[in-house]
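The values are calculated or read from the model by the stated rules, or taken from the named source; none is laboratory data. Just so it is clear, the structure is predicted and the values come from calculations on it, not from any experiment. For neighbour counting, all protein chains shown are included, and Cβ atoms are generated from backbone atoms with ideal geometry for every residue, glycine included. Quick note on the areas: whole protein, heavy atoms, side chains included, nothing else; ligands and nucleic acids left out. Shrake-Rupley method; radii C 1.70, N 1.55, O 1.52, S 1.80 Å.
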Amino acid sequence: MNVMNNAHRPARNPVVLGIETSCDETGVGIVRGRRLLANTVRSSMDQHARFGGVIPEIASRAHLEAIIPTLHEALHTAGVTLEDVDAITVTAGPGLAGALMVGVSAAKALALATGKPLYGVNHLVAHVCVGLLEHQDVTTGRKLLNQDGKVLPGLGALLVSGGHTEILKVNDIAHDVQLLGATIDDAAGEAYDKVARLLGLGYPGGPAIDHAASDAAATMKFPQGLSHAKYMGSADHPGKHRYDFSFSGLKTAVARVVEAYEAANETVPVGQIAASFQESVVDVLSRKTVLAATENGINTLLLGGGVAANSRLRQVLAQRCAEYGVDLVVPPLALCTDNGAMVAALGAHLMGHGTAASPWGFTADPGLPVTAVSVGV
Ligand code: KG4
Ligand code: ZN
């Protein structure tokens with residue numbers, strides 16, 4: 001392409017449009033500075049339900065069908081036109097390759113047609129930006145940004161969804177985000193979905209297990225991956241996986257228990273298994289996150305991703321954070337799950353920091369590392 005992407009024009013409160021298509025949600029969000037103007041999301045979740053998990057080809061096709069109506073609706077809700085928009089931002093990765101490509105192509109077409117600067121950004125960092133939107137930080141009473149809109153020291157995040165499980169430390173939202181820990185196999189939400197299938201519960205598995213566990217006792221002891229001393233080490237000599245997670249062994253342990261009941265022709269105690277599984281996930285997530293926070297100077301923790309809806313996780317994480325003096329920020333669920341507003345919010349921060357727009361040639365990057373906040377700069 002021989003057209004140059006527009007140079008960045010600093011604006012105090014830029015109107016930014018964000019596009020998100022990394023998994024099964026087609027999201028278009030619009031912000032003015034830190035103010036949320038629109039957050040329109042269409043989900044293809046129903047189309048994946050009978051498979052028990054997201055099917056990439058179905059997700060890509062659904063994005064194609066949804067992107068234009070979602071864009072129109074977001075502009076209408078925000079009461080702005082494309083002319084009013086100062087920049088277009090799109091999730092460039094990580095995520096499903098085909099799904100990401102739909103958003104990136106749509107964003108390039110929009111930017112080219114309107115002459116607006118385009119930012120390809122990191123999905124995980126975008127999740128954090130939701131907590132920096134106006135009114136999100138007031139819940140803790142602690143300021144998250146200084147006068148210049150820079151992140152104050154001590155911000156961290158736990159992102160838990162069907163696609164990711166990460167503990168992040170945010171030193172500078174525009175170019176310095178550290179990955180402290182992550183899952184080495186299944187994501188937390190993925191573990192919920194797989195275990196729900198083993199227990200004959202519906203998809204998505206998270207809400208189904210949360211519900212089944214609500215009036216049952218967690219009497220069974222299930223493993224907690226990477227919790228052994230050899231992986232944890234100590235604060236002075238941290239083990240390789242001190243802040244990492246693994247959920248595949250837990251899923252196998254549940255499968256064995258279910259098989260044993262079935263082999264003995266006994267009724268599977270679904271509630272009890274769900275509660276015990278959930279206790280194992282919630283305990284390891286909250287324990288390692290608070291450990292990472294206290295050992296890395298994190299005083300404010302943002303919870304993001306679909307698993308943030310989990311009642312037990314919210315309860316236990318809030319307790320542990322309070323115990324260790326960490327403020328917990330849990331945005332409304334519509335902002336925790338994948339959406340375009342978070343992408344737009346990151347775009348507004350990048351403009352505020354004077355970050356250069358991405359070059360036209362950038363492509364979707366399914367494995368984009370969290371250290372790459374925006375691509376091509
Ligand atoms: O962020 P999200 O909507 O989409 C992506 O995965 O990107 O997260 C969906 C995940 C699913 O795995 C779902 O089972 C899980 O979030 N989830 C829950 C709950 N509600 C949704 N997991 C545990 N407890 C819940 N209440
Ligand atoms: Zn996500």
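For region 293-319, filtered to residues that are part of a helix (DSSP H, G or I) and crowded, with 22+ Cβ neighbours inside 10 Å, the residue that is nearest to ligand 1 (Cβ to nearest atom) is 306. Would you check if residue 284 is of a type in the set (A, V, I, L, M, F, W, C) and out of contact with any Phe, Trp or Tyr (no Cβ under 7 Å at 6 or more places or on another chain)? Spelling it out, it is not the case that residue 284 is of a type in the set (A, V, I, L, M, F, W, C) and out of contact with any Phe, Trp or Tyr (no Cβ under 7 Å at 6 or more places or on another chain).
To keep it simple, each residue is scored yes or no on (1) open to solvent by less than 10 Å² (accessible area, probe 1.4 Å); (2) touching a residue at least 12 places away in the same chain (Cβ under 8 Å); (3) among the hydrophobic types (A, V, I, L, M, F, W, C); (4) outside any loop (DSSP other than H, G, I, E, B).
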site	(1), (2), (3), (4)
159	yes, yes, yes, yes
163	no, yes, no, no
169	no, yes, no, yes
174	yes, yes, yes, no
186	no, yes, no, no
208	no, yes, yes, yes
212	no, yes, yes, yes
217	no, yes, yes, no
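Checked against the criterion of being buried (at least 19 other Cβ atoms within 10 Å of the Cβ) and farther than 18 Å from residue 338 by Cβ, region 70-81 contains one or more residues that satisfy it. Of the residues making up region 47-105, those that are charged (D, E, K, R) and within 20 Å of the chain's Cα centre (by Cα) number 0.
Of the residues that sit in region 193-206 and are away from ligand 1 (no atom under 11 Å from the Cβ) and in a loop (DSSP other than H, G, I, E, B), which one is least open to solvent (accessible area, probe 1.4 Å)? Among them, the one singled out is 199. Residues that are touching a helix residue (DSSP H, G or I) at 6+ places or on another chain (Cβ under 7 Å), assigned to a loop (DSSP other than H, G, I, E, B) and touching a residue at least 12 places away in the same chain (Cβ under 8 Å) within region 224-259 comprise 224, 225, 227, 235, 241, 242, 243, 247, listed in sequence order. Looking at the structure I just gave you, is residue 275 more than 17 Å from residue 125 (Cα to Cα), within 16 Å of ligand 1 (Cβ to nearest atom), assigned to a helix (DSSP H, G or I) and out of contact with any Pro (no Cβ under 8 Å at 6 or more places or on another chain)? Yes. Comparison of 262, 266 shows that the only residue that is without any contact (Cβ under 8 Å) to a residue 40 or more places away in the chain, outside any helix (DSSP H, G or I) and open to solvent by 40 Å² or more (accessible area, probe 1.4 Å) is 266.
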